[in-house]
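Please read the structure below before turning to the comments.
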There are 2 protein chains.
Amino acid sequence: MSAQIASIAELRQRLDTPRRNGAHIGLVPTMGALHQGHGRLIERAREACDTVLVSIFVNPLQFDRQDDLDRYPRALADDMALCDSLGADLVFVPSVAEMYPVKPRCTVEVAELGDHLCGRYRPGHFRGVATVVLKLFQIVQPCTAYFGEKDAQQLAIVRRLVADLNVPVAICGVETVREPDGLAMSSRNRRLDADERARAPVLYAALSEARAAIESGVTSATAVQERARKRIPDDDRLRLEYLEAVDAETMQPVEQIHTPVVVAGALWVGQTRLIDNVRCTPPVQP
Amino acid sequence: MSAQIASIAELRQRLDTPRRNGAHIGLVPTMGALHQGHGRLIERAREACDTVLVSIFVNPLQFDRQDDLDRYPRALADDMALCDSLGADLVFVPSVAEMYPVKPRCTVEVAELGDHLCGRYRPGHFRGVATVVLKLFQIVQPCTAYFGEKDAQQLAIVRRLVADLNVPVAICGVETVREPDGLAMSSRNRRLDADERARAPVLYAALSEARAAIESGVTSATAVQERARKRIPDDDRLRLEYLEAVDAETMQPVEQIHTPVVVAGALWVGQTRLIDNVRCTPPVQP
């Protein structure tokens, strides 16, 4: 049975013995409403680590909209069952008061990497993400932490965070898990009605079009983006927020594609905002 | 002999064995040009810890003026001799390239506590301080870190940093060491010529005047500050930057003094900027 723990002090105490004994501690930070994508993260941690800890915390600091925070799906009983079935040792489920007993005055500011894509449309989002990830790293002190590649910008920022601040945690990115029709697994998919669900795979279709263009030798980011955007039908239940090619490491927009890029998109499907991305490597120049 | 270490990797390796053996590791972060105030910090660490590490790093990120960074005193041979005489085990002296191999994109933003006093006159200073302190905490992972009370605002921010970000380090504030005439020990005192040195104690005299006023029952911060400022003579080699009563924990200005405050001041003596502060507790109300 996975042990459910709410208190930071108790968690640290539980980790004390494995840590003294040199256990490799793996952390899978989540916001709950777990799906097969999270499942893959836990499996990867279980393969590599002696002690696997899943954290479930819907972090208010990373929500720019109160309604989005209120509507974020919660499913703790199902989450515990999944953690249990995948052999997680500990599940850390702190309250907001446990994580933020007072309003934090010291937070992590993210320059450049957070300026585009989601950061442009969700002000303060990546400050909230970087701050809570750093807090979890300090609470758990894991050897390795696992993050999904679906949140490519978040992953790039977490990698930069540990490098810039010398945090002694190895970061492991794990491939996106998709439904058979290509839709990336996401907690937010639960919000889609049947009609919206049927339309949602178009985001991955558009990103795949971009990848095909890049792999066939198109180097103009504008041309790639235009070709991809054409795959999003004119439909008043769909609104493309962004679809952009950025440098795979710095998350800065590129004009010409000669090195690996991430093409990332955010699509509103009804009232639900979905994100996805593909990593693309241009062909070797002749 | 204290071992001098320049590389993060080597430092971590050296700390590995004591850490596994459960040693209490103490960190004394400094910018070098060590004086008796630093000596007191090292002594306090030596009394309480199994392994004592002194770091010496003039952190460019916390200097708002290039000329101040360039002119900051350096005295590594003397510093090593002092560390050695006080029994420090390790002295970490990284290069700027070791600490900042690339420009950091993730830094620690300090709200409120850094808005007044030094923060108001040195933009970005406390972001630089908080960022480098957090980096040192991640590199060394000490049990306890020692900071001088002379830098009261810095100490308050470091306490807030570890609380807000759950950094597992105990913070120990150590009382200010003074010359016989009251001048607080500071690396910057080395820059004073004989004439400036003779005038410098006036800052502590003014702060002591403020403390006497508060302890005698004056509750108006304005009245206290005016009385203290009158102790600074009209002299074109002296320029008072600020002298202010702030809440001892939040570092926010107060109007009425009914709880413990810090009265802090910054005085330019010629081309040298000195800071000092006194902690004051008002008398119990009748």
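The values are calculated or read from the model by the stated rules, or taken from the named source; none is laboratory data. Values in this document were obtained by computation on a predicted structure and should not be read as measured data. Don't worry about glycine lacking a Cβ; one is built from the backbone with ideal geometry, like all the others, and counts go over all protein chains shown.
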Looking only at region B:188-208, decide whether some residue is in a loop (DSSP other than H, G, I, E, B), away from every other protein chain (no Cβ under 14 Å) and surrounded by fewer than 17 Cβ atoms within 10 Å (Cβ to Cβ). yes
Only one of A:96, A:54 that is hydrophobic (A, V, I, L, M, F, W, C), assigned by TED's automatic domain parsing to the domain that holds residue A:132 and in contact with a strand residue (DSSP E or B) (Cβ under 8 Å, 6 or more places away or on another chain): A:54
Could you give me the residue pairs with C-beta distances under 8 Å whose first residue belongs to region B:9-37 and is within 12 Å of chain A (Cβ to nearest Cβ), whose second residue is surrounded by fewer than 21 Cβ atoms within 10 Å (Cβ to Cβ) wherever it lies, and which are 6+ apart or on separate chains? B:11/B:5; B:12/A:168; B:15/B:141; B:19/B:141; B:20/A:22; B:22/A:20
When the residues of region B:137-155 are narrowed to those that are among the polar types (S, T, N, Q) and touching a residue at least 24 places away in the same chain (Cβ under 8 Å), which ends up farthest from the other protein chains (Cβ to nearest Cβ)? B:144
Scan region A:138-160 residue by residue and report those that are within 22 Å of residue B:160 (Cα to Cα) and touching a helix residue (DSSP H, G or I) at 6+ places or on another chain (Cβ under 8 Å). A:139, A:140, A:141
How many of the residues making up region A:92-122 are at the interface with chain B (Cβ under 8 Å from one of its Cβ atoms), buried (at least 16 other Cβ atoms within 10 Å of the Cβ) and modelled with pLDDT under 95? 1
Selection within region A:16-41 - in contact with a helix residue (DSSP H, G or I) (Cβ under 7 Å, 6 or more places away or on another chain) and not in a loop (DSSP other than H, G, I, E, B): A:25, A:26, A:27, A:28, A:29, A:30, A:39
The condition of being without any contact (Cβ under 8 Å) to a residue 24 or more places away in the chain, within 14 Å of chain B (Cβ to nearest Cβ) and acidic (Asp, Glu) holds, among A:181, A:164, only for A:164
